[in-house]
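The values are calculated or read from the model by the stated rules, or taken from the named source; none is laboratory data. Because the structure is a prediction, the values reported are computed rather than measured. Here the Cβ is made from the backbone with ideal geometry for all residues, glycine too, and neighbour counts use every protein chain on show. Surface accessibility is based on the protein's heavy atoms, side chains included, excluding ligands, DNA and RNA. Shrake-Rupley method; radii C 1.70, N 1.55, O 1.52, S 1.80 Å.
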Amino acid sequence: MRGTNQSSVSEFLLLGLSRQPQQQRLLFLLFLIMYLATVLGNLLIILAISTDSRLHTPMYFFFSNLSLVDIGFSSTTVPKMLANHILGTQTISFSGCLTQMYFLFGLTDMDNFLLAVMAYDRFVAVCHPLHYTTKMTRRLCALLVAGSWVIANLNALLHTLLMARLSFCADNAIPHFFCDVTPLLRLSCSDTHLSELTTLTEGALVMITPFVCILASYIHITCAVLRVPSTRGRWKAFSTCSSHLAVVSLFYGTIIAVYFNPSSSHSAEKDPAATVLYTVVTPMLNPFIYSLRSRDLKGALRKAVGGRIGSY
């Protein structure tokens, strides 16, 4: 079967996080609550930013894009899992699996790039406050986001095409709740060397480069904050940075643990649990950690929600 270009598998089985009926019902309820919280929270952020002219700044422009990406990120995996539970099925078509993987790759890259862009924005604001408006122009912000989308989609297309050329034979059970690249490579009866090599090289470059940019930005920010004479001012700045770095560490730590290790170190039990953190939990927490700490955004949220309720 090796070396063929045709796949004998027309669909896959998503085994999910548990095979125990009681645990499955609990997971369904938990994922439903987290998904609704993710969509509602991020939609409110987008609504507040778009309706309040005071928030039409580079920082909140990136916030709104991150919220949009996080909605798509969760919507790529969670609704399918919830629908399968309701319908009592575990199947996903071969084309549906590749489509899910494409959007997962693309939106993961976008989350990655936006985290780096946001770190750069904070670097300019803290280290070069007098030049902030001249450096972070609307044109630059639009180019940063548009360029991120182009690179993310090209990277997602590359990995999807590499996966589409592989053959899948008898075994079609994926021990996961979505079509992830690692379990798919293990199921393939083709030579997966090229796909694995691409993930470890090009994929690593796309993920690690923004991560290095984030670290460099925060090293400069830390040096600038340490020069602030006020102890209270330094503590407030470090507190904000620690929250951001905590989510960055969670996002990158789980991705590195799942995707950038040898195949022999992967576990069918640990990998799905780890991916829940960056596919479900992180998008849900982002509105609270990044946005709701801002007084201006809190005021805009109260105004937007209160205005919508008052209009009825």
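Some notes on this structure:
- Once the Cα-Cα distance is subtracted from the 0.36 nm per residue extended length, the I219 to S75 segment shows a gain of 48.4 nm.
- R295/L157 FRET efficiency (R0 35 Å; Cβ-Cβ; nearest 0.05): 0.25
- Cβ-Cβ distance of L26 and C169, R₀ of 41 Å, FRET efficiency by 1/(1 + (r/R0)^6): the value works out to about 0.75.
- When the Cα atoms of the chain are aligned to their principal axes, the ranges along those axes come out at 67, 48, 34 Å in descending order.
- If a spin label sat at a point 7 angstrom from the Cα of D191 along the line to its beta carbon, the backbone N atoms of segment 139-178 nearer than 20 Å would be those of 159-169.
- With Cα atoms as the point set, the radius of gyration and Dmax of segment 137-244 evaluate to 20.9, 67 Å.
- Per residue, the chain exposes an accessible area of 51 Å² to a 1.4 Å probe, with every protein chain left in place.
- Euclidean distance of C-alpha centroids, segment 165-229 and segment 109-151, integer Å: 22 Å
- Where only DSSP H runs of four or more residues are counted, the chain gives -24000 deg cm²/dmol as its mean residue ellipticity at 222 nm, each run worth -39500 (n - 2.57).
- Förster radius 25 Å - calculated FRET efficiency between L143 and T209 (Cβ-Cβ, nearest 0.05): 0.90
- Under 5 Å from the amide H of C169 lie the amide H atoms of C189, each residue being 5 or more positions distant or on a separate chain, with H modelled from the backbone and absent for Pro and chain starts.
- Column: log10 I(q)/I(0), Debye, Cα scatterers of segment 171-225, q = 0.12 Å⁻¹: -0.48
- Gain upon complete extension [L245, Y132; 0.36 nm per residue less C-alpha separation]: 38.5 nm
- A full extension of the chain between S95 and E202 corresponds to an added length of 36.1 nm, given 0.36 nm per residue minus the alpha carbon distance.
- Equivalent ellipsoid dimensions for segment 15-106 as semi-axes, Å, which come from the Cα gyration tensor, largest first: 32, 16, 8
- GNM flexibility winner over the chain from L184, L87, L68 (Cα, springs under 10 Å): L87
- When the trypsin sites (Lys or Arg not before Pro) in segment 1-87 are filtered for DSSP coil states and for at most 16 other beta-carbon atoms within 10 Å of their beta-carbon, the remaining sites are R2, R19.
- Rounded percent of accessible protein surface that carbon and sulfur make up, the chain, 1.4 Å probe: 66 percent
- Among 105-118, 40-53, 130-143, the order from most to least packed when residues are scored by Cβ within 10 Å on average: 105-118, 40-53, 130-143
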